[in-house]
Amino acid sequence: MNNISFSKDGRALYCLIFTGILLSFSSSLASNPTRLFKSIFQQHKVQGNVTDGTNPLSGVTIAVKNKSNVLAITDYNGQFEIACAPYDTLTVSYLGFKTAFIAVQGRTKIAVKLQYDTTTLQEVKINAGYYSVKESERTGSIARISSKEIEIQPVTNVLATMQGRMAGVNVVQTTGAPGGGFDIKIRGQNSLRSDANMPLYIIDGVPFSSDPIGHFQTSSPFPTVSSPLNSINPDSIESIEVLKDADATSIYGSRGANGVVLITTKKGKKGKTSFSINSSTGAGKITKFPDLMKTEQYLAMRRQAFINDGLAQYNDWDYDINGTWDQNRYTNWQKELLGGTAQINDLQGTISGGSEQTQFLLSGNYHQETTVYPGDFRYKKGGMQLNLNHLSQDGKFRITFSGGYNSQNNNLPAYDLSFDARYLPPNAPALHNPDGSLNWENGTWENPLRNLNAQFRSQTSGLIANTVLSYEIAKDLTIKSSFGFTDLKSSETRTQPSTIYNPAYNITSARSAIYLYGTDRSSWIIEPQLNYSRAIAKGKLDALIGGTFQSQTNDILYQTANGFSSNSLIYNLAAAKNITIYSNDQTQYKYQAFFARINYNWKQRYILNLTGRRDGSSRFGPGNQFAVFGAAGAAWIFSHENFLADSSWLSFGKIRASYGTTGNDQIGDYQFLNTYTTSGINYGGMTGLQPSRLYNPDFGWEINRKLEFALELGFLQDRIFTTASWYRNRSSNQLVGLPLPGTTGFPSLQANLDAEVENRGFELTLRTVNFNGSKFKWSTSANISFAQNTLLRFPNLESSTYSQKYRIGQPLNIQLLYKYKGVDPQTGIYQFEDLNKDGIISFPDDRQTAVDLNPEFYGGVQNQLSYKRWNLDFLFQFVKQKSRTYPMGPAGMMSNQLQRMNPTWTQSDHTAPYQIATTGYNYQAIMGDYYYTFSDGTVADGSYIRLKNIALSFDLPLGLQETGCKIMLQGQNLLTMTKFKDGDPEFGGAGFLPPLKIISAGIQLTF
């Protein structure tokens, strides 16, 4: 070691410096000794809480300015504790909010309210079910819409609010009749059974069963049975989150196999009590009718059919052409029977407010809607919602209650008039006589209004209630439990009175009948949980463990009655001569699970999320009732790395991935047991029993393995934000009914099949802030989804009873059709490819052309604009797909045809695109039309772009403090651009009412 020495001058200099410091210290000590000792030697603890003004914020970082080694993170209730000097400054930072600098100033308790940073669009706290997470820190795939998007849509079903707004979520409206349902698929169809692909719905933490509440015999106005989701009032919803990948859904285990839809209702906010009243009225019309023949075209076709069949004169029953009916009369039956205007009225009132500790919200709503059919038919819906939140003075105990009750009353014709509207000849007689009675034209036709005498009635009531209790045991440990209850009661009836028949038949009320179907479904659920959150090694650890205990009972009664002495007694079963009970089932479903989640976020850059769940279901036999599902998700927020910290163009960047498993037990109850049902046969005064299902305790859970990779990028302070996701889901161990030989007496046996289904796709979302001025703002949101469904494996498919339903390498819901080859120019008959070369077109040998009707891609583009007090929001929905057209029977018979069916083949026109017309005597033409109906010749481009929703509002300048008035104009399904010519392109069938276009005007008053 080198020796170090100081010169005399050097020693003097250092002594002088030391003496100056000592004198300075002595002077400070003499002037304010208390302050100096506190600032240097004494550290005290500061306790506080962080909120966004309404809700506590967990995971907020609190640091002491200029001291990087001192920090704290808020817990589940937004509480924190940190040691600092009395005159330090705290730096409070949280992604999505503006950083706050808080001077301690000797305080020991501090309340911090963070302000949202509106430039970071991705920093929204979203609900992931058992926990919440900021969008920037999520490792799973979650789509979200808020009340801002929901409130502007004049719809009654919650699924309608999601159309075109969420990537990977395909929602299709199945009918325009009020109270009808929707089909939803989240990233495709996983199960071979079409009834096992519904997502899990969670309303304020309570599972809501999506099982149908009707029966096809009673729900005849709809192509599908009634949807229980009509019980939810869209106006009461605060947000909807859809969980899609394994990382997001695995914590729900088997219940999340097909995705999870989380519905959160509105909550009260602290502040003065406020009242809000919304009132609106609107009108609905059918979006698009197919073009049908006018009288001149129709009669020309009919006359040509007689010539083609070699008939020299018309028959007595050919009323349309033999002169019985006016040859010059024309009625557009689509407008006559379906062209009415549905009147829609909505009224909603809300009262909310509260203190720092307690907030409340109470709302009520009423909806009334008529139909486009002739006559007085109405759908009524009303309900109320109550939410209460309370936090104790010390911030440790919290209680939340939410409850909603909804009642529906639906009165519709028992038969949709869409069939008659399409098929009636255009010169058919008027519907009414001059005295207002139904016109039967001397018994020559079936007046379509006769079906209005047959009624469909549905009465439904639903209750959903949930209470959540939580208590902070320690600084980082919170215990909570939720208690939920649901009750749904539904009763459907369809009448068939004798008045639906032509009086010429002399049918009495003894032929009248009624069909009744009732559902009584209730469930309870208890979910205790333990949450742990703590800052560890420059990161944050979140841990969650919990359990689920659920029970659901379902009572179903389906019966019919007939032989009434009078039609006025048709709803009184005691007046019926015969009563038949087809089913009176009472089932119980029990479910038990334990779940856990561990999440570690290190430096807000590297995030690991692990979830797991052990499920137990009563739907499987002993030894197979339990299964374990889990997932792992990871994310790297690379924009927080030092090499990108000062980037002027990239404001956010994240790569995330997930892999895991979920299960599926949607097979119904008691499927593994020997079950019996009534035989309906009376022997010796007693009704016997007969076996209905074979015992098989060996089948178990379907398994769905999900993989996803995603990239999220934000540019220019997140004014441009995009997400690209690729996913692959594979579902195996399929639960299906294995076919059995007829000699067993049973059609099938419930079992697992070694088949595998794959769904893979690509999703892209884009959000931009185009202008963000003080007066004018404009933002755009867009999404597009490319999805592909494939059957990868199905052992011995060719020899199974499913051989004419599925194809390896094709989607599950393909349609096998004949291969259309055009019109034979010599015979004028449709031609089809003879695949087996036997000279005969037959099923199934020649019906082997697989047609995929799944959308190639779908999505939407939404724009939100505001200027001063004006707000404009509009959404375009688009779908690229193929659709089936539905021919209306052989051309030339006594029913109208699509206008494009003209011209048909004749002796003088061998190049016509449609086959020869016939009155029914040409057997080859009849069979040609039958084959054509089930051929790929009926496949057309069903793509469309639709102005799905538009909303314009204006805030009136009342000049009154704390009082606001807004007027609104809203529209749904207003404009459709499509090449599809046979009606509405969204609607996938014929004979039922297509969706309606709706225009609504309303006013909102707040004070």
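Checking the cross-link pairs LYS148/LYS966; LYS396/LYS603; LYS269/LYS380 against a 19 Å limit on the alpha carbon distance flags LYS396/LYS603; LYS269/LYS380 as lying beyond it. The 3J(HN,Hα) values that the Karplus relation (6.51, -1.76, 1.60; θ = phi - 60°) gives for the range 531-545 are, in residue order, 10, 10, 9, 7, 7, 9, 6, 6, x, 10, 10, 10, 10, 9, 10 Hz. Gly and Pro appear as x. Between the C-alpha center of the range 138-212 and that of the range 427-481 there is a gap of 19 Å.
Each Cα pair under 8 Å and six or more residues apart adds its separation to the average, and for the chain the resulting relative contact order is 11 percent. Please report the spacing between the Cα centers of the range 934-975 and the range 540-610 in Å, no decimals. Result: 33 Å between the Cα centres. Scanning residues 5 or more positions from PHE397 or on other chains, those with amide H under 5 Å from its amide H are SER392, GLU472, with H placed 1.01 Å from N in the peptide plane. Computed about its Cα centre, the charge dipole of the chain is approximately 3980 debye, with only Lys, Arg, Asp and Glu carrying charge at their Cβ. Protection proxy ranking of 170-183, 250-263, 772-785, 628-641, by the mean of other Cβ atoms within 10 Å over each peptide's residues and highest first, is 250-263, 170-183, 628-641, 772-785. For the chain, what does the helix formula give at 222 nm: sum of -39500 (n - 2.57) over DSSP H segments with n ≥ 4, over the residue count, nearest 500 deg cm²/dmol? That comes out to -2000 deg cm²/dmol.
Each of ASN584 and SER566 was given a label point 7 Å from its Cα along the Cα-to-Cβ line. The distance between the two points is 2.8 nm. Under Stokes-Einstein, with the Kirkwood radius over Cα pairs as Rh, the value for the range 384-513 at 4 °C and 1.567 mPa s is 65 µm²/s. Other residues lying with their Cβ under 15 Å from the Cβ of MET968 contribute a combined charge of -3, Lys and Arg counting +1, Asp and Glu -1. Other residues lying with their Cβ under 14 Å from the Cβ of ILE321 contribute a combined charge of -3, Lys and Arg counting +1, Asp and Glu -1.
Within the shell defined by Cβ-Cβ distances under 10 Å, the residues around ASN451 carry a net charge of -2, with Lys and Arg each +1 and Asp and Glu each -1. Take the Cβ atoms of ASN506 and PHE954, set R0 to 60 Å, and the FRET efficiency comes out at 0.45. With no solvent and one point on each alpha carbon, what is the Debye value of log10 I(q)/I(0) for the range 810-929 at q = 0.13, 0.15, 0.20, 0.22 Å⁻¹? Debye output, listed in q order: -0.70, -0.84, -1.17, -1.26. Once the chain from LYS805 to ARG303 is taken as fully extended at 0.36 nm per residue, the excess over their C-alpha distance is 176.6 nm. With the convex hull of its Cα atoms as the shape, the range 125-265 has an orientation-averaged projected area of 8.3 nm². For the pairs LYS381/LYS577; LYS185/LYS489; LYS837/LYS882; LYS381/LYS868; LYS270/LYS868, note any where the Cα-Cα span goes beyond 32 Å. Violating the 32 Å Cα-Cα cut-off are LYS381/LYS577; LYS381/LYS868. Points 7 angstrom from Cα along the Cβ direction at PHE275 and ASN624: gap in nanometres? It is 6.1 nm. Measuring between their Cα centroids, the range 902-927 and the range 621-697 lie 52 Å from each other.
Past 27 Å, Cα to Cα: identify those pairs from LYS45/LYS272; LYS134/LYS948; LYS65/LYS267; LYS113/LYS480; LYS67/LYS98, in the order given. Exceeds cut-off: LYS45/LYS272; LYS134/LYS948; LYS65/LYS267. Candidates ILE655, SER566, ILE145 compared by Cα position along the dipole of the chain: farthest toward the positive end lies ILE655, with charges placed on Cβ. Taken over the alpha carbons of the chain as equal point scatterers, the Debye sum produces base-10 log I(q)/I(0) values at 0.05, 0.07 Å⁻¹ of -0.39, -0.72.
Coordinate-derived values only; no laboratory data. All figures in this text were calculated on a predicted structure; none of them were measured in a lab. Note: ideal-geometry Cβ built from the backbone for every residue, glycine included; neighbour counts use all protein chains shown.
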